[in-house]
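Enquirer: Let me give you the structure first, and then I'll get to my questions.
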Amino acid sequence: MLGWIYWDPSSEFFKIPYFNLPLTWYGLLFALGFWIGFHIFSAMFKNFLARNGIKNSDVIANAFSEKLLLYVMVATVLGARLGHIIFYEYPLEYLKNPISILKTWEGGLASHGAVFAIIISVFLFAKQIEKEYPEFSFFRLLDYLSVPAMLLASFIRLGNFFNQEILGISTSMPWGIIFGHPADGSPALPRHPAQLYEALVYFSLFFVLGNLWRKKKDLLNAGRLAGVMLTTVFSFRFLIEFLKSDQSLWFDQSASFLLMGQVLSLPAIAYGLYLLFRKSEAKKAVKI
């Protein structure tokens, strides 16, 4: 056991006096990921506008970034929460007390639900602005969101690590981690740090996608960057699920060799492949 790490930090880093309101590491990392991601997206978008000769690029980029941020934030929280309830818990139980759906601070967010909801929200945003700004296509917006999304995803997994949730299966490997108080009440055994595996991959992909955009943006058709992100991320998610404990309360794994997370990854992989291999749009005087 000397080779294993014992991990049991407090999920809270500060408590607001008088209100006794705890601030958690998960909440801090979640907010920090959105804040940094917003500035990355805004800077990329300003670059796009300037290179395509659009006037007032700073004003337009800031306004659009703020509005799109609102769409994405609402979609992330709502999609992640509903995704968790539908795919990982007993949905009918929430009908008895619907207000509990809003209690996100008690845990229960699913990344697959967030991704599906974000794609829908970006589509709606693109449809809203397409007449006034036809150069801001749905696929192009997905590309620009893909880069900061990977940074946010890595921060969220670090938050899961502090919360001692989304646990890996037990292992005898020397880098196994013993979680002192797992969120699901499971025994304190040495486990694969699945959260850190994911955080590392997402953080690496953040740099890969950023470099692709910097060096190849004039060669990439709209949607290709998002295709690389979705295909890579969810192919990895499919594989990493083999090292995770089953999290769905109702999914009958005995009827399938797949876990719920793997089943949900398949449509994301399929859509990523579609973005990668779909027929290129006709050449336009617009650069990615």
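Each value in this text was obtained by applying a stated rule to the coordinates, not by laboratory testing. Every value quoted in this text rests on a predicted model; they were computed, and no experiment measured them. A quick note on method: Cβ atoms are made from the backbone with ideal geometry, for glycine too, and the neighbour counts reach across all protein chains shown.
Enquirer: Treat the count of other C-beta atoms within 10 Å as a stand-in for reagent exposure and order Phe19, Phe179, Phe45 from fewest to most.
Expert: Details: Phe19 7, Phe179 24, Phe45 21.
So the ranking, lowest neighbour count to highest, is Phe19, Phe45, Phe179.
Enquirer: Give me the net charge for the shell around Met44: Cβ to Cβ below 10 angstrom, other residues only, Lys and Arg +1, Asp and Glu -1. Write out the running numbers ahead of the final one.
Expert: Details: positive: Lys46, Arg214, Lys217; negative: Asp143.
Combined, the nearby Lys, Arg, Asp and Glu give +2.
Enquirer: Further question on the same structure: Based on alpha-carbon centroids, what's the gap between the range 190-246 and the range 106-147 in Å, whole number please?
Expert: Answer, in whole Å: 18.
Enquirer: Stick to Cα atoms and the Kirkwood definition of Rh, then tell me Rg/Rh for the chain. Each step should come with its number before you reach the end.
Expert: On the way: Rg = 20.2 Å, Rh = 20.4 Å.
Value, to two decimals: 0.99.
Enquirer: Give the calculated FRET efficiency between Trp7 and Leu273 to the nearest 0.05, with a Förster radius of 25 Å applied to their Cβ-Cβ distance. Before the final figure, lay out each step's value.
Expert: On the way: r = 37 Å, r/R0 = 1.47.
Approximately 0.10, to the nearest 0.05.
Enquirer: Once you list every other residue whose beta carbon is under 13 Å from the beta carbon of Phe238, what net charge do they have if Lys and Arg are +1 and Asp and Glu are -1? Present the calculation step by step, with values, prior to reporting the outcome.
Expert: Details: positive: Arg237, Lys244; negative: Glu198, Glu241.
Surrounding charge for Phe238 is 0.
Enquirer: Follow-up question, since we're still on this one. Of all DSSP beta bridges located in the chain, what percent are antiparallel, nearest 5? Intermediate values should be presented prior to the final figure.
Expert: Numbers: 8 of 11 bridges.
Bridges in the chain that DSSP calls antiparallel: roughly 75 percent.
Enquirer: For the pair Glu66 and Lys131, how long in nm is the line joining their label points, each one 7 Å along Cα→Cβ?
Expert: 2.4
Enquirer: Compute, for the range 5-277, the length of the dipole vector about the Cα centre, with Cβ point charges of +1 (Lys, Arg) and -1 (Asp, Glu) only. Units Debye, rounded to 20. Intermediate values should be presented prior to the final figure.
Expert: On the way: 20 positive and 18 negative charges, 182 e Å.
The dipole of the range 5-277 has a size of about 880 debye.
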